[in-house]
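Right, one structure below, let's go through it.
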Amino acid sequence: MIRSQVRRVWYKITSHPDKPHRLMAVCLGESCNWSIGPSEDMTWVGDEMIGHTSEAGHNRFMRFVEDEAAVSLTEEGERMRRVLRNDRELSQKPYEKSVRDARERARYRATKVAPEHARAES
């Protein structure tokens, strides 16, 4: 008997808390190739845009804001369900040594990834 279950899994995308935003600007003046950035110093980019306006008279710019994103599951229950499912699948493997090795790798990855997710979700 084949049984299936459809679940809605919700993810959350946030800016990475340890990485600052970067700003870039491009002048939209006719035949102008001026651009600046990307830079983490937003004030400096703004000052450079003002300087270009005072020198060239161009007052229209396209700005691009870059950030590093982090994707995480929103529900703690879904995260735990996946951990339990993975443990169950590992325990059903026929080769005991490969199961132990895989669990050790999973524990090691969990210690490295869990703090990263915790910072991204806050």
Glu66 being farther than 23 Å from Ala102 by Cβ and touching a Lys or Arg at 6+ places or on another chain (Cβ under 6 Å): yes
Number of positions in the stretch 1-32 that are out of contact with any strand residue (DSSP E or B) (no Cβ under 8 Å at 6 or more places or on another chain), surrounded by fewer than 10 Cβ atoms within 10 Å (Cβ to Cβ) and not acidic (Asp, Glu): 9
Ser72, sole failed condition from (1) at pLDDT below 95; (2) surrounded by 14 or more Cβ atoms within 10 Å (Cβ to Cβ); (3) farther than 30 Å from Val9 by Cβ: (3)
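Here is a check on your reading of the model: is Arg60 more than 19 Å from Ala110 (Cβ to Cβ), open to solvent by 90 Å² or more (accessible area, probe 1.4 Å), in contact with a Gly (Cβ under 8 Å, 6 or more places away or on another chain) and free of Cβ contacts under 8 Å to residues at least 40 places away in the same chain?
Answer is yes for this residue.
The values are calculated or read from the model by the stated rules, or taken from the named source; none is laboratory data. Note that the coordinates shown come from a computational prediction; the quantities given were computed from them, not determined experimentally. Here Cβ is always computed from backbone atoms with ideal geometry, including for glycine, and neighbour counts include all displayed protein chains. All accessible areas refer to the heavy atoms of the entire protein, side chains included, with ligands and DNA or RNA removed. Shrake-Rupley method; radii C 1.70, N 1.55, O 1.52, S 1.80 Å.
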